[in-house]
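Scroll down for the structure; my scribbles are underneath it.
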Amino acid sequence: MEYIKLFESNLIKNILILPILAGLAVSCATAPRPVFKVDSKELTCSTEAKFIESFGPTEDSYRAVGRGGDVFELKQNAKLDALCFALTQGENAILSSLEERGLAAPFQLEMVQKIDSFASIKSKPKSRSQENGQMVFAYIVSVNKKALNQFLESKGFMQSVKDLGSSMGQQTIMVLDAETDADKFAIATVTTYLERRKFNVAGFKKPDKHQIRSTMATLSNVYGGESEFVNPNYAGIINSGSDIYVKISGSVKEGKRSGIATQKGAVMVKAYDTATNKVVGSATGYSTERSSGNSDVLIGEAANDASNDLTEAIKSKWKDYQKYGKPFRVIIMVPDPDELQAVEESFYTAMGSLGEGADISELHKGLLGADYILTVKNVKKGRELFKKLNRAYTGPGSLRREISTNNLLIVKIAEEDFEIELVR
């Protein structure tokens, strides 16, 4: 490796850029975090800076430590300490995974060269000491996260996620409501993480009560009231319009290490395919164990640790949608049990005619209807699916759309003397 001078001043000399981003471990508790060497003295990433306060999504402040032989060197290295923390470990870390750090690695030299654009000293020294012949000063440092994100976006860092979304249409991820204060902060952190990566994230908005009752009545008629699907919570979720929904919970665990009380944040995330109600992916993230710390910071760090696995699971599911088709929950209802067999046979044929690769899985057949998972390519919404099915259906009566969302379609058979209420 070559020694590279990053600054014109002779005050910072021979700074060695190590694999700052690509080689960092996910948890600083499990491996050292080398970043730079200043005159053969190593400055490690995110081991000394401490988060103080967030000023929204654009700026965070840190108590950061600088080592050096003069004031300029002390301040620049304190900025570097805060910058590394914000990039890889701070609340809503910008580069929270090894994959992301690898993608950003080619820009690390330029990032450090432009450090004054991203970080600034906001205080006089908060502490002064000496260590191994060097001065060690602590400062309050502000990091401009908006400028950092803009820099990375200018380098095409977010393009892979953007390309994925544009090729498959804008999928919607719904995050369920929090039950505790820790859940709220974990949800806020994960939501920010997803939004920064250009996912379309929506909070849970309870659908119209009449719509939920109608869905519940339909599911009850199919299942007879004995199914995990016949409950208002799932009826609300499947009517929400989301493609994937996410459950998030956070907690701070107490412990002891060498007789000293410690705290450690833990966040569990679990993503479900809304149509099938099957788990897409799950992960548990942990913060570094600390002897003291703000609980929100611990939860935020743990949430970031879990978020990368979550996004990888979601991206994998979207690629499946692109390759094999998107799943829809399709329910067909009849007014008379005697009509079900003839209607279902024709409706099944109509679903199978929707193109090569259309896959039909029958979940349940009751007296008054049947419930399917239909996976089909090149169809994005329930309304669009209904139009295709309506054209293909040749059985008794005519199809009437009762409810349709991004992944739900409830259809009833209407005869001339049978009225049906259109909910949506």
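The values are calculated or read from the model by the stated rules, or taken from the named source; none is laboratory data. Note that the structure is a prediction, hence the values are computed from the model and not measured. Every residue, glycine as well, gets a Cβ built from its backbone with ideal geometry; the counts of neighbours run over all protein chains shown.
For this structure, a couple of remarks:
- Scanning segment 242-252 for residues that are out of contact with any helix residue (DSSP H, G or I) (no Cβ under 9 Å at 6 or more places or on another chain) and either farther than 17 Å from Pro327 by Cα or of a type outside the set (Ser, Thr, Tyr) (or both) yields one hit, Lys247.
- In the condition set (1) over 32 Å from the mean Cα position of the chain (by Cα); (2) without any contact (Cβ under 8 Å) to a residue 24 or more places away in the chain, Ser353 is compliant with all but (2).
- Test: residue in segment 379-396 that is under 24 Å from Gln211 (Cα atoms), touching a Ser or Thr at 6+ places or on another chain (Cβ under 7 Å), in a helix (DSSP H, G or I) and not charged (D, E, K, R): yes
- When segment 317-339 is filtered for residues that are of a type in the set (Lys, Arg) and over 21 Å from the mean Cα position of the chain (by Cα), the ones remaining, listed by number, are Lys323, Arg329.
- Elements of type strands (runs of 3 or more DSSP E) contained in segment 260-362, each with 1 or more residues being among the β-branched types (Val, Ile, Thr) and farther than 22 Å from Tyr223 by Cβ: 260-273, 279-286
- Output for segment 94-120, where each listed residue is surrounded by 19 or more Cβ atoms within 10 Å (Cβ to Cβ) and modelled with pLDDT of 90 or more: Phe118, Ala119
- Filter result (acidic (Asp, Glu) and modelled with pLDDT under 90) within segment 370-410: Glu402
- Search result, residues across segment 274-308 that are under 30 Å from Thr405 (Cβ atoms) and crowded, with 18+ Cβ neighbours inside 10 Å: Thr274, Ala275, Val280, Gly281, Ala283, Ala303, Ala306, Ser307, Asn308
- Scanning segment 414-424 for residues that are surrounded by 13 or more Cβ atoms within 10 Å (Cβ to Cβ) and either at pLDDT 90 or above or out of contact with any Gly (no Cβ under 7 Å at 6 or more places or on another chain) (or both) yields Phe418, Ile420, Val423, Arg424.
- Taken as a whole, the structure places Ser295 among residues that are farther than 25 Å from Lys387 by Cβ and in contact with a strand residue (DSSP E or B) (Cβ under 7 Å, 6 or more places away or on another chain).
- The set of residues in segment 254-276 that are acidic (Asp, Glu) and within 30 Å of Gly382 (Cβ to Cβ) contains only Asp273.
- Applying the criterion of being surrounded by fewer than 18 Cβ atoms within 10 Å (Cβ to Cβ) and modelled with pLDDT of 80 or more to the residues of segment 150-180, the residue that is farthest from Leu298 (Cα to Cα) is Ser154.
- Among the residues of segment 171-202, those identified as closer than 17 Å to Tyr286 by Cα and either in contact (Cβ under 8 Å) with a residue 40 or more places away in the chain or touching a helix residue (DSSP H, G or I) at 6+ places or on another chain (Cβ under 7 Å) (or both) are Ala182, Asp183, Phe185, Ala186, Ile187, Thr189, Val190, Tyr193.
- Scanning segment 114-137 for residues that are part of a strand (DSSP E or B) and closer than 14 Å to Leu83 by Cα turns up Ala119, Ser120, Ile121.
- Check on Val230, in a loop (DSSP other than H, G, I, E, B) and either modelled with pLDDT under 85 or charged (D, E, K, R) (or both): yes
- Residue, surrounded by the most Cβ atoms within 10 Å (Cβ to Cβ), within segment 357-390, restricted to residues that are without any contact (Cβ under 8 Å) to a residue 24 or more places away in the chain and more than 32 Å from the chain's Cα centre (by Cα): Asn390
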